[in-house]
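Undergrad: Have a look at this one before I ask anything.
Bear in mind these aren't lab numbers, they're just calculated from the coordinates by the rules spelled out. Note that the structure is a prediction, hence the values are computed from the model and not measured. No Cβ is skipped: glycine too gets one built from the backbone with ideal geometry, and neighbour counts run over all protein chains shown.
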Amino acid sequence: MGASAATAPRETSARIVIQAHEINHAYEASTGWSTALAHFNLEIPEGEFLCVLGPSGCGKSSFLRMLAGLMFPLEGSLLVHGEKIIGPGLDRAIVFQEAALFPWLTAAQNVGFGLEMAGWKKPQVRERVEHVLDIVGLSAAAGKFPYQLSGGMKHRVAIARAWAMTDAAVLLMDEPFSAIDAINRAGLQEHLVRTWLAEPRTVVYVTHDIEEAIYLADRIAIMTPSPGRVGAEIRIDLPRPRDRNSAAMAALKEEITAKMNEMERRA
Amino acid sequence: MTTALNAETLAAYTRARQIRERRRKIIRAAIGIAGLLGVWQAMSVYYDLDLILPPPTAVISDVIDTLLLRRPDPWLYGPSIYQHLLASFLRALTGFALAAALAIPTGLLVGRSTAVREFLEPVIRLLYPIPGIAWIPLAILWFGLTDKAVVFVVFIAEFFAMFFNTEAGARSINPVIIVAARCYGARGFTLVWRVILPASIPHIITGMRIALGGAWRMIVAAEMLAAKMGVGFVLMQARYQFRAADLMMAMILISVVGFGTEKLIVRTLERRTIGKWEVNR
């Protein structure tokens, strides 16, 4: 690729968007209480692409659902721009593991849904939707219904739907590509990086895939096995788009794998 | 650039297949109907049942004469057949529309809200086993031998088909669709109107199809007992006059109008909704 290497616009004094302080969380299952998060602390500055990496069941998805306002921590505080999250809101946009598109709306209408809910005027919605669909490379599919799109295209529409929300302080991604086959997953990751380079946003991306985290993130928050907390943080300063086969990536993968194994042992 | 199997060729294949399938369907349908008519004719002639089972030829010519308003024998049923059909049609449609207007919103609410469900479901389940015709005497008591009585019975009878289907549709919506809608700012009425309703449309259409057929069936039953006009009335009069051909003529018209109504209303709705956004429709 001929594109110039780009890194996150990082200022040491970047404003903090998300602040998780001493979150403890447990849920009541039929077998009794089960602890999901314990002493979970995390701060996310503006413009950062953060990956939350952890094994299944470590509570990383719980954290994302809390950010989305779909569930609430039992203890501790979780703030977006200093304000407590009281429910789902248009200051956060989300991409799910399934594309979760509305089957009765076209790709363009799906992407514009949130903007319409936010009270945007029709012409502005159309302009923004066109722009975002262009970024994810789906301008030609604007008028298609979800059933007419491939699995990968559906996910790109879902990403565009989140990206369209200019007023969203943070974009939340809950293992969006984990159900996609490896070849298409790599393509979607490239699309995501290109989208992020075209229009950098604060992103919280939950994944259990180490390579994916290294490929995407400015910073990786590695979670301990259940009950989850952030056990280690790793900054990835490699320029984007990254070369999956580079020695630096391999070294990072080794380092992170070692860290996760050690956490596993101690748990 | 390869030109093998270009879009035009493929479209031609599709067209050819569609024509083949349509022709096959028509031929098979014709054979089925001809079989029914053949058995009917044979029975009528063989057992000499002219009086109670007139042959299809007689009945069909009766249908044609009636529709062309040029019957050789006197017309014993007051207004023309078209006025009877129109009266029945409007009653069925009114009852159906009222039932839809109540059943669809109620179904959506009961399907999505635990509170509404817990309040309303027992009531609805208690009323459900009462057959539509059981309401006819009460309807006559309340409204007399009027249009209102007939419309009321259709309304009661067809509410349930639409309610239960709508409720099932609302309840079976993929939860992630609702979560996505909420995350992208849809709440309250907007959530119901923009997300829950369209997501339930496939089930709602099934309910409407059942209810529309039911409405037409119920209308005849109600009219036989509670009306001075309509196809049900014609049926009953034909029996009093001992005119089996007229009786069967009315039955055929009921079938034709019911079939046409279903095509017109439900298919149109289907084409304009799930026909656009669902596969294999």
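Undergrad: Skipping prolines and chain starts, which residues have an amide H placed within reach, meaning under 5 Å, of the one on B:Ile173, given they are 5 or more residues away or on another chain?
TA: HN-HN under 5 Å from B:Ile173: empty list.
Undergrad: When only C-alpha pairs under 8 Å and at least 6 residues apart count, what is the relative contact order of region B:81-277, in percent?
TA: It rounds to 28 percent for region B:81-277.
Undergrad: How big is D for region A:68-218, in µm² s⁻¹ as a whole number, if Stokes-Einstein is applied with the Kirkwood radius of its Cα pairs at 4 °C and 1.567 mPa s?
TA: Here the translational diffusion coefficient equals 81 µm²/s.
Undergrad: Can you sort B:Arg70, B:Arg194, A:Arg126 so the residue with the fewest Cβ neighbours within 10 Å comes first?
TA: B:Arg70, A:Arg126, B:Arg194
Undergrad: What list of ³J(HN,Hα) values in whole Hz, one per residue of region A:237-249 in order, does the Karplus curve 6.51 cos²θ - 1.76 cosθ + 1.60 (θ = phi - 60°) give from phi, with Gly and Pro shown as x?
TA: Ordered by residue, 3J(HN,Hα) equals 9, 5, x, 9, x, 8, 8, 4, 9, 6, 5, 4, 4 Hz.
Undergrad: Turning to a different aspect of this structure: Using only alpha carbon pairs under 8 Å that are at least six residues apart, calculate the relative contact order of chain A and give it in whole percent.
TA: Over chain A, the number comes to 26 percent.
Undergrad: Further question: ³J(HN,Hα) across region B:62-72 via Karplus (A = 6.51, B = -1.76, C = 1.60, θ = phi - 60°), whole Hz, x for Gly/Pro?
TA: Result, ordered by residue: 4, 4, 5, 4, 5, 5, 8, 6, 9, 6, x Hz.
Undergrad: Let me ask something else about it. Which shape class applies to chain B: rounded if a/c is under 1.5, otherwise prolate when a/b exceeds b/c and oblate if not, where a ≥ b ≥ c are the square roots of the Cα gyration tensor eigenvalues?
TA: Taking the square roots of the gyration eigenvalues as a ≥ b ≥ c, chain B is oblate.
Undergrad: Dipole size in debye (nearest 20) for the protein assembly as shown around its Cα centre, Lys and Arg Cβ +1, Asp and Glu Cβ -1? All intermediate terms of the calculation are to be shown ahead of the outcome.
TA: Working: 57 positive and 48 negative charges, 312 e Å.
For this selection, approximately 1500 debye.
Undergrad: Once the Cβ-Cβ distance between B:Arg271 and A:Ala250 is put in as r, and R0 is 51 Å, what FRET efficiency do you end up with, to the nearest 0.05? Working shown, then result.
TA: Details: r = 56 Å, r/R0 = 1.10.
The computed FRET efficiency comes out at 0.35.
Undergrad: Want the number for A:Ala179 to A:Ser77: 0.36 nm per residue separation, take away the alpha-carbon distance, what's left?
TA: Result for the pair: 33.6 nm of gain on full extension.
Undergrad: Put +1 on the Cβ of each Lys and Arg and -1 on the Cβ of each Asp and Glu in the protein assembly as shown; which of A:Leu192, A:Phe102, B:Met236 then has its Cα farthest toward the positive end of the dipole?
TA: The Cα lying farthest towards the positive end belongs to B:Met236.
Undergrad: Shifting gears a bit: Between B:Ala34 and B:Ala115, what FRET efficiency comes out of the Förster formula 1/(1 + (r/R0)^6) with R0 = 45 Å and r the beta carbon distance, rounded to 0.05? Intermediate values should be presented prior to the final figure.
TA: Numbers: r = 57 Å, r/R0 = 1.26.
Rounded to the nearest 0.05, the efficiency is 0.20.
Undergrad: Using the Karplus curve 6.51 cos²θ - 1.76 cosθ + 1.60 with θ = phi - 60°, what ³J(HN,Hα) values do you get for each residue of region A:122-131, in whole Hz, with x for Gly and Pro?
TA: Taking θ as phi minus 60°, the curve returns 3, x, 5, 4, 4, 4, 5, 4, 4, 4 Hz for region A:122-131.
Undergrad: How do A:Met260, B:Met249 line up, fewest other C-beta atoms within 10 Å first?
TA: Least to most surrounded, the residues fall as A:Met260, B:Met249.
Undergrad: Could you tell me how many degrees, from 0 to 90 and to the nearest 10, lie between the Cα long axis of helix A:151-163 and the main elongation axis, the longest principal axis, of the Cα atoms of chain A?
TA: 90 degrees
Undergrad: To continue, here is another question. When DSSP assigns beta bridges and you keep just the ones with both residues in chain A, what percent turn out antiparallel, to the nearest 5?
TA: About 55 percent, rounded to the nearest 5.
Undergrad: Among rounded, prolate and oblate, which fits the protein assembly as shown when a ≥ b ≥ c are the square roots of the eigenvalues of its C-alpha gyration tensor, a/c under 1.5 means rounded, and a/b larger than b/c means prolate?
TA: It is prolate, given that a/c is not under 1.5 and a/b is the larger ratio.
Undergrad: Take every DSSP beta bridge with both residues inside the protein assembly as shown and express the antiparallel ones as a percent of the total, to the nearest 5.
TA: For the protein assembly as shown, the DSSP antiparallel bridge percentage is about 55.
Undergrad: Among A:His81, B:His203, rank each residue by its count of other Cβ atoms within 10 Å, from fewest to most, as a rough exposure measure. Before the final figure, lay out each step's value.
TA: On the way: A:His81 13, B:His203 22.
Arranged by neighbour count, lowest to highest, A:His81, B:His203 become A:His81, B:His203.
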